[in-house]
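Comments concern the structure below.
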Amino acid sequence: MLTGIHVAFIGGDARQLEVIKKCIQLHASVTLIGYDNLESSFSGATKKPLTPDVLKDADALILPIVGTDDEGYVESIFCSQPLHLAEEHAASLKKDCVVYTGMAKPYLRSLLARQRISLVELLDRDDIAIYNSIPTVEGALMMAIQNTDITIHGSQVIVLGLGRTGMSLARALHGLGARVRVGARRPDHLARVYEMGLTPFHISELKERVADVDIIFNTIPHLVITAEVIAQMRQTALIIDLASKPGGTDFQFAERCGIKALLAPGLPGIVAPKTAGQIIANTVTRLIAEQSGNREE
Ligand code: NAP
């Protein structure tokens, strides 16, 4: 339970509604900032404008998945006014308040560091990344289906990277009957690909592996699908790049070759906002409970 704990929310999208719901269920005292246009009202939550005063007794501050932009603006689909998180707001937080977000830009990191306020970047966590890989994979499959005229079953696919997303994706594609090759660089990853019954290859050999590929899914956040690689691909091939912006593909060169290459960020929030919200809600409320337990010890 979060009884007696004050959780403040600034901005967000549909995912945040699940987090708010869970905090209320757990009896936290909840303040919503930047939710003026939210139609469904939460009993047990109070809407307030963004002022230093409203933040001063918060035990936890929850920001959207992308905490702020490079200038400190917080996105909210429930508010038409800009929400700017400034020095005066950070300065008013209690020193043991913890700020939670998906990922922080340098602006937010340095703002909080100056005030010695702890920041938790949820998307860095293995548990969240693994749970999030489920809606991400479903979104990637949706994009593959929408952008090809062949079945995934029987198609030649390559997955680049065997991290938290790559592993879930390779497994799902295999389950659907695709011929799956996985490009990675670590010997243990190559061994794991072999153990999974898939075809491993070292990422440095990518150029030699793409001539017959139907779909390449990239999860490596570095330029790996280079012009050299794209030049070896068939024009009918599809590239779905899941890696964080700017992705790992030479998109300009792909376009010049007439090869469809799609950067697909934020799939959990697009294909399954409710599930994506629940994933965050479960972890964040557990972390807040631990945080308050630690404080009481
Ligand atoms: P991860 O677990 O860190 O996996 C990344 C993989 O890339 C690892 O296997 C890593 O292998 C490999 N890698 C990194 N740099 C490499 C390089 N230079 N050459 C070869 N391999 C390299 O990350 P993740 O959670 O799977 O996420 C992967 C990417 O997808 C991230 O950019 C993440 O932000 C993004 N993402 C996007 C969505 C979406 O909706 N599109 C959803 C979730 C995640 P090593 O261990 O060898 O470094």
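Bear in mind that the values in this text are calculations on the coordinates, not laboratory data. Just so you know, these numbers come straight off a predicted model, no measurement behind them. A quick note on method: Cβ atoms are made from the backbone with ideal geometry, for glycine too, and the neighbour counts reach across all protein chains shown.
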query = If you place +1 on the Cβ of every Lys and Arg and -1 on the Cβ of every Asp and Glu, how big does the dipole about the Cα centre of the range 204-254 come out, in debye to the nearest 20?
reply = 120
query = Using a Gaussian network for the chain with springs between C-alpha atoms less than 10 Å apart, which of these wobbles most: 282, 147, 37?
reply = 37
inquiry  = Compute, for the chain, the length of the dipole vector about the Cα centre, with Cβ point charges of +1 (Lys, Arg) and -1 (Asp, Glu) only. Units Debye, rounded to 20.
reply    = 380
query = Given a Förster radius of 51 Å and the C-beta distance between residue 191 and residue 151 as r, what FRET efficiency does 1/(1 + (r/R0)^6) yield to the nearest 0.05?
reply = 0.95
Under 5 Å, built H, 5+ apart or other chain: amide partners of residue 6 = 29, 59, 60
task = Compute the separation of the alpha-carbon centres of the range 170-237 and the range 100-119 and state it in Å as a whole number.
result = 36
ask   = Order of 216-223, 40-47 by packing, highest average Cβ count within 10 Å first?
value = 216-223, 40-47
query = Once both labels are modelled 7 Å past Cα along the beta-carbon direction, what's the residue 223-residue 95 spacing in nm?
reply = 4.6
task = Name all residues of the range 258-293 having a backbone nitrogen under 11 Å from the label point set 7 Å from the Cα of residue 245 along its Cα→Cβ direction, giving them as ranges.
result = 265-266
query = Which is farthest toward the positive dipole end of the chain among 204, 99, 76, measuring Cα position about the Cα centre, with Cβ charges +1 (Lys, Arg) and -1 (Asp, Glu)?
reply = 204
ask   = How many nm is it between the label spots at residue 252 and residue 39, if each spot is 7 Å from the Cα in line with the beta carbon?
value = 4.4
Local net charge near residue 210, Cβ-Cβ under 12 Å (Lys/Arg +1, Asp/Glu -1) = -1
inquiry  = Can you give me the long-range amide H partners of residue 46? Hydrogens built in the peptide plane at 1.01 Å from N, cutoff under 5 Å, separation of 5 or more residues or another chain.
reply    = 30, 31, 32
key: Whole-Å semi-axes of the ellipsoid equivalent to the chain (Cα gyration tensor, √5λ, descending)   = 41, 19, 18
query = Antiparallel DSSP bridges in the chain: what percent, to the nearest 5?
reply = 5
ask   = With a sphere of radius 12 Å drawn around the Cβ of residue 249, what net charge do the other residues whose Cβ falls strictly inside it have (Lys, Arg +1; Asp, Glu -1)?
value = -1
